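The block underneath contains the structure these notes are about, expressed in structure tokens.
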Amino acid sequence: MEIAPKEEILLPVRPGFIALSLFSAFLLDLLPLGSFIEWIRPDFVAMLLLYWCIHQPLRVGIGTAWAFGILVDVADGTLFGEHALAYSLMAFIALVLRRRVSMLSLDHQFTHVTLILLIMQAVVVLTGFVAKDIFVGWAYFLGSLTAGLLWPGLTYLLKLPQRPKPDPDRI
Amino acid sequence: MEHELFSRGPSPAVRLTFFILLSLLLLVSDVHYSYLKTLRAGIATAIYPLQRIAMLPVELLGAIGDYTRTQSSLIKENAFLQKQNLEDRAALLRYRAIQQENDHLRQLFGARARVNTPSVMAEILYDERDPFSRKIIVDKGLQAHVAEGSAVIDNAGVIGQVLQAYPFSSEISLITDKDHPTPVQVLRNGLRAIVFGFGSSNLLDLKYMSLNTDIRPGDLLVTSGLDGTFPAGLPVATVLAVDRNPVYAFSRITCKPVAGVNRYRQVLILAPGSPPPPIPVANPEPPPARGKK
């Protein structure tokens, strides 16, 4: 299996940036869209939580994931704890697999990220099925595929502020 | 491996177990009890500004659309509205005459006059992203005296009822929500029944009607007002198909709601009327099936 060509040396992440990115993702999730885009819309909060669990496991972990799950539950009107349960499980999987995933090249990360998000969605669907006896249909899972496709772009974007500025005194 | 210097608290597995247990606790209490309503309302109020911010692009698009309307479309719309206005005015006159006559008759019968229920106009903020439940959020809440259980209608008929009122917004469950019961009456012959939401599709299910029941496709169902939530006489649905298959104990009747949640942004929230007198104890009847929430 191919691994990332070379490890970059990055600046430390500012905690404010992590919080800002998570709240922007929450805002994106609240954005009302048409019914078509609604089906393929990735769960941005889950993506961001996954990213930070993999790259900053000391700052973002199961507790943060759980708290954002509660926020999503209230905003979406789902059962209290439904997304919280799914997100905390997702964060745990990310913490276990994080060394493996961060070593992979971006196109191999696609499969891992998509699978982890699918497991997260499966937990949500299963909770809904057990508690309310409703199955939503398979199209619900399309969001995870979109999330996987967007993952390289997200990684590039979130690493931008950590790239060291080129030294002007260098020859 | 674990060293005191690098201690990071409990291991991920322990944390996961703790948070899973906490989630399950919340889930169970949400499904069966309503202890956490205030907590939920608090969080909802805290994220309300974020929801408004998320609405801004849509409102901006609407404003741009309004600004760039052509004159011809405005003239056409104006003509249509004037025609509609005339027709409505005629209907309103007839309605007033009938209402006066009705009031008079009621006084004669010594019945109490039907209270004109106050109402609040609200705007749909957004459909909920959750595909499990068919709910919408509107921009009026406790601050505008919206009470839980109030009926919500649009210009065509019943949409649903207020499930939970937050300070600045409220959550509305639709009549098409799974197992949401609405007591109705067939307008043509006064037959009483209960329609339930299907959940997955935008259709309703008229349950527990015997095979020889007198219902035809095209019949209009209106609220019967028996539950004390919906005022009587509001249009709910039209019957789409009646399937009288003798294999089943009841006929399978599918109905289509007349109100369109997807079409308009404004809804009317009716204040709940006075609750009906309690069911007599001598004839104990189970309360109408609420179903699982």
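The values are calculated or read from the model by the stated rules, or taken from the named source; none is laboratory data. No experiment lies behind these values; they were computed from the predicted model shown. With ideal geometry, Cβ positions are generated from the backbone for all residues, glycine too; neighbour counts draw on all protein chains shown.
Listed conditions (1) at pLDDT 85 or above; (2) within 30 Å of residue B:197 (Cα to Cα); (3) outside any helix (DSSP H, G or I) are all met by residue A:70, apart from (3). Can you find a residue that is within 29 Å of the chain's Cα centre (by Cα) and over 17 Å from residue A:84 (Cβ atoms) anywhere in region B:74-81? The answer is yes; a qualifying residue exists. With the condition kept exactly as written, say whether any residue in region B:238-248 is part of a strand (DSSP E or B), aliphatic (A, V, I, L, M) and in contact (Cβ under 8 Å) with a residue 60 or more places away in the chain. No, because not a single residue in region B:238-248 is part of a strand (DSSP E or B), aliphatic (A, V, I, L, M) and in contact (Cβ under 8 Å) with a residue 60 or more places away in the chain.
Residues in region B:43-69 that are of a type in the set (D, E, K, R) and either touching a helix residue (DSSP H, G or I) at 6+ places or on another chain (Cβ under 6 Å) or in a helix (DSSP H, G or I) (or both): B:52, B:59, B:66.
Quick one: is residue B:28 within 28 Å of the chain's Cα centre (by Cα), modelled with pLDDT of 85 or more and part of a helix (DSSP H, G or I)? In short, yes. Do we find that residue B:179 is more than 30 Å from residue B:99 (Cβ to Cβ), in contact with a strand residue (DSSP E or B) (Cβ under 7 Å, 6 or more places away or on another chain) and surrounded by fewer than 14 Cβ atoms within 10 Å (Cβ to Cβ) in this structure? So residue B:179 does not fit the description; no. Of the candidates B:223, B:176, B:182, the single residue that is over 29 Å from residue A:71 (Cβ atoms), of a type in the set (S, T, N, Q) and within 12 Å of the chain's Cα centre (by Cα) is B:182. Of all the listed residues (B:30, B:66), the sole one being closer than 30 Å to residue B:170 by Cβ, facing another protein chain (nearest Cβ under 9 Å) and acidic (Asp, Glu) is B:30. Consider residue A:43 carefully, then state whether it is free of Cβ contacts under 8 Å to residues at least 24 places away in the same chain and within 11 Å of another protein chain (Cβ to nearest Cβ). No, not satisfied. Residues of region A:113-171 that are at pLDDT below 90 and among the aromatic types (Phe, Trp, Tyr): A:129, A:135, A:138, A:140, A:141, A:156.
Since residue A:38 meets every condition but one in (1) facing another protein chain (nearest Cβ under 10 Å); (2) touching a residue at least 12 places away in the same chain (Cβ under 8 Å); (3) of a type outside the set (Gly, Ala, Ser), which condition does it not meet? Of everything listed in (1) facing another protein chain (nearest Cβ under 10 Å); (2) touching a residue at least 12 places away in the same chain (Cβ under 8 Å); (3) of a type outside the set (Gly, Ala, Ser), residue A:38 misses just condition (2). Per this entry, residue B:23 is counted among residues that are among the hydroxyl-bearing types (Ser, Thr, Tyr) and either over 14 Å from residue A:79 (Cβ atoms) or at pLDDT 85 or above (or both). The residue pairs whose first member lies in region A:69-95 and is among the polar types (S, T, N, Q), whose second member is at pLDDT below 90, and whose beta carbons are closer than 6 Å, counting only pairs six or more residues apart or on different chains, are A:78/B:130. The residues in region B:5-21 that are in a helix (DSSP H, G or I), touching a helix residue (DSSP H, G or I) at 6+ places or on another chain (Cβ under 9 Å) and more than 7 Å from every other protein chain (Cβ to nearest Cβ) can be counted, and the count is 2. Here residue B:268 meets the list (1) outside any loop (DSSP other than H, G, I, E, B); (2) at pLDDT below 90; (3) under 23 Å from residue A:133 (Cβ atoms) almost entirely, failing just condition (3). In region A:116-129, the residue that is surrounded by the fewest Cβ atoms within 10 Å (Cβ to Cβ) out of those that are in contact with a helix residue (DSSP H, G or I) (Cβ under 6 Å, 6 or more places away or on another chain) and away from chain B (no Cβ under 12 Å) is A:118. Among the numbered conditions (1) crowded, with 24+ Cβ neighbours inside 10 Å; (2) modelled with pLDDT under 90, the only one that residue B:184 does not meet is (2). Among the candidates A:60, A:113, A:13, the residue that is over 28 Å from residue B:39 (Cβ atoms), more than 10 Å from chain B (Cβ to nearest Cβ), surrounded by 20 or more Cβ atoms within 10 Å (Cβ to Cβ) and touching a residue at least 24 places away in the same chain (Cβ under 8 Å) is uniquely A:113.
Contact annotation: residue pairs with Cβ atoms under 8 Å, 6 or more positions apart or on different chains, pairing a residue in region B:206-232 that is over 22 Å from residue B:248 (Cβ atoms) with a partner that is surrounded by fewer than 19 Cβ atoms within 10 Å (Cβ to Cβ) and of a type in the set (Lys, Arg), are B:220/B:188; B:224/B:192; B:226/B:192. Scanning region A:1-36 for residues that are modelled with pLDDT under 75 and part of a helix (DSSP H, G or I) yields A:35, A:36.
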